[in-house]
Structure formats: C-alpha cells, structure tokens
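Engineer: Below you will find the structure I want to go over with you.
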Amino acid sequence: MSRITSVALEDAQAIVGEMAELLKELSGGTLLVTGASGFLCSYLLDVVAALNDAALGPPCKLIALDNFKSGLSDRIAHLRTRPDVRFVLHDVGQAFEPEEPVDWIVHGASIASPSLYRQFPLETIDVNVNGTRHMLEIARRGARSMLYLSTSEIYGDPGPGFIPTREDFRGNVSCTGPRACYDESKRLGETLCTTYFRLYRTPVKIVRPFNVYGPGQRLDDGRIIPDMMTDALRRRPLVLYSDGRATRSFCYVRDAVRGMLSVLLSHADGEAFNLGNDAEEISVAGLAERISEVAAPPRLPVEYRRSLDPHYLTDNPERRCPDISKLRSLGNWRPEVGLTEGLSRTLRSYRELHEDVAAGGVPAADARGGSGCA
C-alpha cells in the first residue's frame, strides 16, 4: 500500500471535522506514537496530519516509532516528507529517548495478528511488556496523557452470562495455549499501566478494541475480514475455515480512532475502556454473506474448508461483544458506521489500491491458515 486511499483520507477529515474542538488540545504539543505503521496508529497519524492541515491552531508535532515487524512502511509513505512528522526506526522493546519533551503518547506497537504472534511469541511478549514499561517511563516524566492499546483478547472466552462483556470481567484466558503470548502479555501490560498510575499517578488510560476493521488493514493479516476481502477482490468463493457459528461485533476503524482520541484527551487516568460496536453481533457465516452482498454483482459463494493451521481455532472465543456503556458515558462518542457501510468502504479502499487484482496482484491470506474467527 503505497499511499493513503480516498476512503482513509475521507475518514481522517471526518474525524477532524467532528472532533475539532477536542482535538485543538493537541495543537502545539508533541505526540509520540509507537507502532506508527500499524493499522490503527497509521490512521491516527492521518488524523493528526489532517488536523494540522486544517490549521485550527499551532501544529501538533508527531514522533512516529516503528520497527516494521508487522506494520507496512508504505502505508505511511505519504507522510514522510511532512515537516510535522519525525519517523524513527526503533524497536520499543528497547529503551527510547525522545530527546525532547513529549506531551502525549499512544502506545500501539504490538504484534496482533494470530498467525504472526504465534510465529514471533517472544517478540510479542517483549513489545507488550517491556515496550509498555519504556513508554510509561517516558509518560511519568511529564506527559499530559498516555493511551495504551490493549485488546478484547484479555477477556479470553467469556461465558454466556458475561456477554456483552463489561470492563470488570476478569477473563477466562489460557496462560499456556497458542494465543497466550499475546493475551497474557497484553494483560500484564494493563497491570503495568495501572501500577504506574497507582505508584506515580502517571496519566495513562487503556482501551480494549473489539474486532476493528477497515482500510489499511493488511490483506495477509490472517484475520477474517482481510481474508475474505482478498477473496472478494479476486472474485473467488469466500472461504471459512470454521463452522461459521461463532459471533463477533465488528467496529469500523473511523469509529475506533474517534474513541481512542476521546480517551486519550480525557481525564480518566488509570481507567480501562472497551472500544467497539455493540449494535450488530453477527455470526462468521453471516459476515461472509454480508461481504458477498457488498462485493456483488454477482454474489460470491461461501465455502467451508479445513484450515491447514492446526492451532488456528485453539482458544478462539465463541462470542465477542463489548459493553461500551462506560465509553459512551465519557462524552459524546458512539459508533456511527454500520457494518454494511464499513465493509463497503473497506472494499472500495482495497479496490482503489489494487486495480490489478485480476492479474493476481493481491497478497493471499491462504498461507496463514485462512478465515476463522479471529
């Protein structure tokens, strides 16, 4: 992905238009972002760039860190010549000195794809634990706010009585399974955040994203929407490597980034917030049908196969739906983009980037085990 698509640009400008008054608080400050080329944080960079272009106040300076272990350097290539962005090639598992005062921190560096974190389990633990502590050390030296991007995976597989899942659910998580390197290190990252708040009053907040999707997500990510978007782009059957009965609640990236900024710029220090869309819990099979409708005409068939990855569905939750009442009560935030609209925008963005898809130019997801429920 060598440039920002018109869809992602529209999203960034819409966020600035809607949140202009709140985002003015960033003006004149310095924002440090880790995992800058990742799915969520690259969108965040686009929003701050759009904010600076709108000239609503002095520009916000960006320090963008990444080691490109799982991010896409091309996703942020359009920002490289901007004077308000400084890119630093750095592994946040190692200590970092910003060499200037930092007002805001968004710690999004992580390896979030199941196929990737099973391939790099120690690196996953390192960035989620040591990387988080390094950022907390910077934050405690005078930052106005830090946001830690956790995950809904910290809840594991909740029983029926805990769905929709509230922030006070303590989790049903395996500490030894193939997902443990990610789930448990994210949980420890949250422990570090709340410990720094208790010991040092470090102004850190936590968000737990639930199944965020949208333009800019890697097509070889190994999760269900990128996998099926690859199938849709190639005009081939949508393949599921599960029985399709598990359910998820998907949140479009524009809504997720709005929520992230709302929490970052709040005074809810030491608090954790679910971040997602509770309006439409849908089965994986239902999602496939919805994508088939969006990709039509003609509608694409849905096929069920066995995954080549024996661990793809191990410890995979049967249901995932957030209770987002806590985040709703924080301010004016609520999810606005419905699933059909979000899938349409996502597919339009991928088509814009991959006009040569008929010639086989789209990276396939099949090698990572195919579409399950992640």
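Values quoted throughout were computed directly from the atomic coordinates according to the rules given, and no laboratory measurement underlies them. Everything numeric here is computed off the predicted structure, so don't read it as measured data. Neighbour counts are summed over all protein chains in view; Cβ atoms, including those assigned to glycine, are modelled from backbone coordinates with ideal geometry.
Engineer: If you place +1 on the Cβ of every Lys and Arg, -1 on the Cβ of every Asp and Glu, and leave all else neutral, what size is the dipole of region 286-353 about its Cα centre, to the nearest 20 Debye?
Structural biologist: Working: 12 positive and 10 negative charges, 31 e Å.
About 160 debye.
Engineer: Follow-up question, since we're still on this one. Less than 26 Å apart at the alpha-carbon level, and either on another chain or at least 8 residues along: which lysines does that give for Lys69?
Structural biologist: The qualifying lysines are Lys61, Lys186, Lys205.
Engineer: Here is a further query. Any idea what the relative contact order of region 7-55 is, in percent, if you count C-alpha pairs under 8 Å spaced at least 6 apart? Working shown, then result.
Structural biologist: Numbers: 22 pairs, mean separation 26.3, N = 49.
Once normalised by length, the contact order is 54 percent.
Engineer: Which is farthest toward the positive dipole end of the chain among Val302, Tyr117, Asn172, measuring Cα position about the Cα centre, with Cβ charges +1 (Lys, Arg) and -1 (Asp, Glu)?
Structural biologist: Result: Asn172, furthest along the dipole toward the positive end.
Engineer: Looking at the chain, what % of its DSSP beta bridges pair antiparallel, to the nearest 5? Display every interim value, and only then the final one.
Structural biologist: Details: 3 of 36 bridges.
Antiparallel bridges make up about 10 percent of those DSSP assigns within the chain.
Engineer: Would you tally the net charge around Gln13, using a Cβ to Cβ cut-off of less than 13 Å, leaving Gln13 out, and scoring K and R as +1, D and E as -1?
Structural biologist: Numbers: positive: Arg254, Arg258; negative: Glu10, Asp11, Glu18, Asp46, Asp53.
Charge balance near Gln13 sits at -3.
Engineer: What is region 130-275's relative contact order, in percent, from Cα pairs under 8 angstrom and six or more apart in sequence? Can you show the working numbers first?
Structural biologist: On the way: 188 pairs, mean separation 45.9, N = 146.
Value for region 130-275: 31 percent.
Engineer: When the helix-only estimate is applied to the chain (DSSP H runs of n ≥ 4, each -39,500 (n - 2.57), divided by the residue count), what is the mean residue ellipticity at 222 nm, nearest 500 deg cm²/dmol?
Structural biologist: -11000 deg cm²/dmol
Engineer: Still on this model: List the GluC sites (Glu not before Pro) within region 257-359 that fall in a DSSP loop (any state other than H, G, I, E or B) and whose Cβ has at most 11 other Cβ atoms within 10 Å.
Structural biologist: Details: sites: Glu271, Glu280, Glu281, Glu289, Glu293, Glu303, Glu318, Glu336, Glu341, Glu352, Glu355; in loops: Glu271, Glu280, Glu318, Glu336, Glu355.
In loop regions of region 257-359 (DSSP not H, G, I, E or B), the sparsely surrounded GluC sites (Glu not before Pro) are Glu355.
Engineer: Relative contact order, percent, of the chain when contacts are C-alpha pairs under 8 Å separated by at least 6 residues? The partial results should precede the final answer.
Structural biologist: Working: 780 pairs, mean separation 69.3, N = 374.
Reported relative contact order: 19 percent.
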